[in-house]
Amino acid sequence: MSTPIAVISGLGGLSSLGIALEHHLASHQQGETGISHTESFPYPLGPAASFNPRDFIKDRKSIRMMTHQVKLGVASASLAFENANMSTDYFEQHQETCGVIYGSFFSQGFLNSAEPYMASLREDLTVDYDLLGHENYRMFPPLWILPRLPNTAGGQVSIQQGLRGMSYSVVNGPAGGMIATGEAMEAIQDDRASMVLAGAAEGEAV
């Protein structure tokens, strides 16, 4: 890239205006918001319409090991690269200086692995850890903790896109995206990177 450039792109989990840029533009022109109330949540939201991670993630076998948050992050990264119109030649020449800074709203912890804990509850709603450790731990999927680490999404983006530069995560609540973008700008200004994909999952995808 001969001139400095920033491309704002991605997929919003709170928007149902569409996934591609042309979908967003068309919905905006028609005055649509895509936000509405549902019986499932106490607040209004709009799901991303027709979102299929397999359309955006290169290594489809890896999808089964990803949480919703990681799928959202990796798919958004694919859209960002597509919308930036960056050539394959650029990545081949500058792999070592192309990186990822990912803002993770929070680590997903036990939310998606609630089944063994729920099965281990006593009548007083405390956890029977003896039962969990001897029997119900088998309900955990293999390698269950790895997809839930806050740096997994950024690492997967690096792997999927073949980026060998800096790759780390910022975990600071809703400010994660802004901080990641600021750190990306500083990295480029300091010549520590030539291109940085910066973004965040500002909440937990469900």
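The numbers here are math on the coordinates, done by the rules we state, and not lab data. What you are looking at is a predicted structure, and each value in this text was computed from that prediction instead of being measured. Cβ atoms come from the backbone with ideal geometry, glycine included; neighbour counts cover every protein chain shown.
Take residue 92 and residue 113, extend 7 Å from each Cα along the Cα→Cβ direction, and tell me the distance between the two endpoints in nm.
4.1 nm
Describe numerically, in nm with one decimal, the distance between label points set 7 Å from Cα along Cα→Cβ at residue 63 and at residue 190.
For residue 63 paired with residue 190, the spin-label model returns 3.8 nm.
Go through 24-33, 66-75, 190-199 and give me the packing order, highest mean Cβ count within 10 Å leading.
Taking the mean over residues of other Cβ atoms within 10 Å, the ranking is 66-75, 190-199, 24-33.
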